[in-house]
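The values are calculated or read from the model by the stated rules, or taken from the named source; none is laboratory data. Since this is a predicted model, take the numbers as computed values, not measurements. Every residue, glycine among them, receives a Cβ derived from its backbone with ideal geometry; neighbour counts consider all protein chains shown. With ligands, DNA and RNA removed, areas are computed over all heavy atoms of the protein, side chains included. Shrake-Rupley method; radii C 1.70, N 1.55, O 1.52, S 1.80 Å.
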Amino acid sequence: MKHQLESRLTEVLSCLSSRCMESPTIQFQPVPLQGSKAASKKASGSSCPPPAFLLNAEAPILQETFQHNGMIPTLCSDYVIQWSGPNIRDAVYQSMMEWQRINHFPGSTELTRKDRLWMHFAQMAKSYGKGCFDFVPETYVLPDQFDSFLTCYQRSRCTWIVKPNASSRGRGIFLLSDLSELPLDETVVVSRYIDDPLLIQGFKFDLRVYVLVTSYDPLKAYIYREGLTRFASAPYSTKGEHIQDAFRHLTNYSINKNSESFVENSDMRADNVGHKWSLSALNKHLRCVGVDVNLMWARINDLIVKTLLSVEPSISSRTRQVTGSRENCFELYGFDVLVDNDLKPWLLEVNLSPSMQAESPLDWQIKSSLLADTFNIVGVCSNERPAPKPNDRMRASYSQPWKAAASPKKEDFPVDETHAPLVLNVLSDANLKMLAKAVGERSRCRNFVPLYPTRAAVKRYGIITEARAQQLAVPRMGPLTGANRCVSQSQMLASMLYGPFPRRSAIEVRNVGAPLEVSSQILDENLAETPENRDTSPVSLVPDLDSVLQASSPISFKDCPGPPSSPSPCPRWWILR
Ligand code: ADP
């Protein structure tokens, strides 16, 4: 089985390298910490000018990442990659060539504006069952929904948190003590306050989880193995006299760094010190105190995929309308997640331009690796001449013995052994390219872990994608299909990777709420699966997280020069001085 899988992977890679990889891409390395002696990449000595980047954001680490990897800045349209703030004009997308990359999708604000995201969740809850979309605290947008809010406020005795609609970094946020505190002249979002957060040493914390989407059509998403844990700087308390104390209730770095008791992390080797930890330090700590970390991450994964699926139709249709090529856009999101005492993750918000400020060595370490890995997956054109295409574009099936290719890590590849080989000959150029791109991305994942599509995720969320396919119909082709059936790009890619998806009756698809609710209930039971039974599990997302969470698979920063990471023995943490 193992051998078969490896040889299948070799076939796929060889097939890709001979047919579909047209332009060489830059191999990004993380920028070493300032002061380190590691040399930046020299120009390749070729006659081509160095590739150019266009940077419209205040973030030295980005500039340094591009320059460290041999790129030069430009203000013109000759860039191979553009990194900008949100609200990019349609004309920018329309003028892009296929090989250019840009760090936003048109319409991404559907996900990052609190009021829009809440609206999408409400629609999903209506279609697929309330129990599946209950990971966002109940929210009202005022003044529009003032009456509904008032009814709920008077009925429930819970605490509410008020946030300006278009603000960030904790600015203007407060816990509501009295209705008279509600501003009347601006749009605010009022959410149910999660008042039983999981605490560490009595302190509230939230997670910054990085999620990369390389396409919405088909949906392709990855979670980063590393991220940040941000602590409040004063012990959590819901006592009346503490209710307005932002240092106890908000976990934003930009708020807490102003607290006298805030401790900055100053040594990247000690990533569990001070008020900002790495996610791996958090995992290590939680394991030590007996928390089921695998369960927590499986639930977080579930939350992320459902969030992306909820905005997929609107962002993909907008992207199709505005861009010339579906290859142009990618997005690195910052998901802010709060975990409560029952280990339930709550989505607080999704950041469109997560901070790329690196205010501590730990920040620098994580973000420089994150950026290098992002650009490697996305594939940034190196300006060198494309490799000549073979005259004969041979087509065959995955099982044809292609010439040997560099041996990939086997878990990087989604190849289904249970179905007959996919016959490449019958695929259209567009589908071949889609397959090539997806498998190519998997081969460059490094510290990213695929979230969607994976075999488990395709099965688990199949009911959603199938219902969608009826709206986003594209003609389904060849032997993968039954006649006259329509599939979305996501389904098409999934069926090329994992084999044909199950046919559901029209009634099943119409009654989508029930099956998904059921899967949610049994999700937790399936999380304890072992590597041996993972292939048979229909709903669990854990297999893809195993490698993130196993102590035997530590986060790899080997390309980042500096002293080797030596995690402090557990338990050993110092939030307090
Ligand atoms: P901003 O975009 O301004 O950072 P967030 O929605 O991320 O706003 O909220 C800021 C902080 O407030 C979060 O990091 C978290 O600590 C706290 N917070 C926000 N919403 C809730 C909630 N519903 N329950 C508990 N804490 C919350």
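Assorted remarks:
- Every residue from region 282-306 that is touching a Ser or Thr at 6+ places or on another chain (Cβ under 8 Å) and either within 16 Å of the ligand (Cβ to nearest atom) or modelled with pLDDT under 90 (or both): Leu282
- Matching residues in region 212-246 - criterion: being assigned to a loop (DSSP other than H, G, I, E, B), within 30 Å of Ser259 (Cα to Cα) and open to solvent by less than 10 Å² (accessible area, probe 1.4 Å): Glu226, Gly227, Ala232, Ser233
- Residue that is least open to solvent (accessible area, probe 1.4 Å), among those in region 181-196 that are assigned to a loop (DSSP other than H, G, I, E, B), more than 6 Å from the ligand (Cβ to nearest atom) and closer than 18 Å to Gln145 by Cα: Leu182
- For Glu260, the conditions (1) open to solvent by 30 Å² or more (accessible area, probe 1.4 Å); (2) closer than 22 Å to Gly170 by Cβ; (3) part of a helix (DSSP H, G or I) are fulfilled apart from (3).
- Summed over region 129-180, residues that are in a loop (DSSP other than H, G, I, E, B) and within 12 Å of the ligand (Cβ to nearest atom) total 15.
- Being farther than 23 Å from Thr454 by Cβ and touching a helix residue (DSSP H, G or I) at 6+ places or on another chain (Cβ under 9 Å) holds for only one residue in Gly240, Gly202, Gly274, and it is Gly274.
- Filter result for Leu199 (under 25 Å from Arg299 (Cβ atoms), open to solvent by 20 Å² or more (accessible area, probe 1.4 Å) and within 16 Å of the ligand (Cβ to nearest atom)): yes
- Selection over region 263-292 of residues that are open to solvent by less than 10 Å² (accessible area, probe 1.4 Å), under 14 Å from Arg208 (Cβ atoms) and of a type in the set (Gly, Ala, Ser) gives a count of 2.
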